1. How far apart, in nm, are two points set 7 Å out from the Cα along the Cα-to-Cβ line at Glu92 and at Asp214?
2. Taking only C-alpha pairs under 8 Å that are 6+ residues apart, what is the relative contact order of the chain in percent?
3. Rank Ser298, Tyr273, Ile248 by how far each Cα sits towards the positive end of the charge dipole of the chain (+1 on Lys, Arg Cβ; -1 on Asp, Glu Cβ) and give me just the farthest.
4. Once you order the gyration tensor axes a ≥ b ≥ c over the Cα atoms, which shape class does the range 52-300 get: rounded for a/c under 1.5, otherwise prolate or oblate by comparing a/b with b/c?
5. Can you compute the modelled spin-label distance between Asp286 and Asn123, with each label point 7 Å from Cα toward Cβ, in nm?
6. Compare the peptides 356-366, 260-270 by average per-residue count of other Cβ atoms within 10 angstrom and give them in order, highest first.
7. Whenever you get a sec, line up Leu420, Leu62 from highest to lowest accessible area (probe 1.4 Å, protein heavy atoms).
8. Sorted by accessible area with a 1.4 angstrom probe, largest first, how do Val422, Val435 fall?
Amino acid sequence: MSVRAETDPIAASSVYPSGSRCNHRGHLEIGGCDVVELAAEFGTPAYIYAEADLRVRADAYLAAFSSRTDNFEVLFASKAAPIRAIYEIAREQGLSVDVASGGELHTALAAGFDPERIYLHGNNKTEAELRYAFEVGVGHLILDSFDEIERASALLRAVGKQGQRVMLRLTPGIKPSTHSYIQTGQLDSKFGFGLADGLAARAVGTVQADPTLDLVGLHAHIGSQIFELEPYAKAIEVLAEFAVGLDIELLNIGGGLGIAYLEDDRPPAIEAYVEVKYEALKRNFDPLPRLLVEPGRSLVGNAGVTIYSVGTVKRIPGLRTYVAVDGGMSDNLRPMLYGARYSAALANRIGEPANSTVTIAGMHCESGDVLIRDTELPDPRVGDILVTPATGAYGYSMANNYNGIPRPPVVLCRDGGARLVVRRETFDDLLRRDV
Ligand code: LLP
């Protein structure tokens, strides 16, 4: 390793994709590609992923499990980055996939996933979505409500199918520390069947009495962007108590592992996360069911960055400097929705000292369209290429067309080669569905 790489804060960073660095031109390099050149080639804003980083994180999950057991399955929670090329990478790495809608199911199939390896979620799957799932032979359906049990059962009866493998989504009554919008395991939740309120036990009875359905497992996802590991052990303990006498083949306790958005964030390692879950499984179950995990953010979040161009710099004397970029709440809704914090850097001046405090604003007609309040940058200028790291999860998937802004392209970088996998939307795309 060169001396430069060891002293390069980008190379040492936990928020940028692994392999990122400051290159000899003083530019940010991701997946071997000069980000300033990417901006020139693909335009801004754009979502940039380091393909090797995506693969490394999938491998980390598989390795953590393989050293302990062969009775496991790692599912890519595709809502974090529902991009066909990323589904393909997940499939090539040997992951299964969690889809939360007919649209995600469609994309997973387009990426070549064996329907058997697809798990369909959703708290209100429509009849059309269920029908689609049954037609293509989705391996597992995660049942979320009594109405859905009835709906699924009726559809299966209509096509004369028996024994559809299903799991029950349960809310174990556990509240990890994370934003309330992304807590999901508490009793007061729109998701699943509660243990404490007796609905879960009733759901088991209903499903077991129905020959169209075959109850093979239990599922719980307690929340997202979680840095504590203890709640997972607790959830497994609670589910084990519930599972007594149930003959459970599969146990899925969801995803949720947090990532570093800021340099000081210290999320647990994938290895530690898997260890805690597997140890809790061993302590609480005999025989052991197959353990499923369903990571989204921790597979893709730090593998991606967003690049923008600086368009205006507004200095309000004594108050604040607004640096406006050519995107914002249409490509990254997380700051506005969850108060999520990000950092920024200038890709074209990555080696320069960050000596001014600025606020990064978007270009939408809304004062709340602020990507980062008070961040440190080298004194920014119009035309700089601004990068926000750690936007690989839930950026693309929550993108929208507010103010008629076409959604950004997605570019995968690997060994110095860049591959456009989703093109930029055009103005005509915005009109395409108008009739
Ligand atoms: N499994 C289920 C059933 C889920 O609902 C989720 C996320 C996951 C797995 C993956 O969780 P992860 O490993 O990514 O934490 N839009 C929010 C996140 C919503 C998460 C919804 N469910 C955000 O941007 O933070």
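The values are calculated or read from the model by the stated rules, or taken from the named source; none is laboratory data. As the structure is a computational prediction, the values presented were derived from the model and not from experiment. Positions of Cβ are generated from backbone atoms using ideal geometry, with glycine treated the same way; all protein chains shown enter the neighbour counts. Ligands, DNA and RNA are stripped out before the accessible areas are found, and what is left, the full protein with its side chains, is counted by its heavy atoms. Shrake-Rupley method; radii C 1.70, N 1.55, O 1.52, S 1.80 Å.
1. 3.3
2. Relative CO of the chain lands at 19 percent.
3. Selected residue: Ser298.
4. Because a/c hits 1.5 or more and a/b fails to exceed b/c, the range 52-300 counts as oblate.
5. Distance between label points: 3.8 nm.
6. My ranking of the peptides, most packed first, is 356-366, 260-270.
7. Leu420, Leu62
8. I get Val435, Val422, largest accessible area first.
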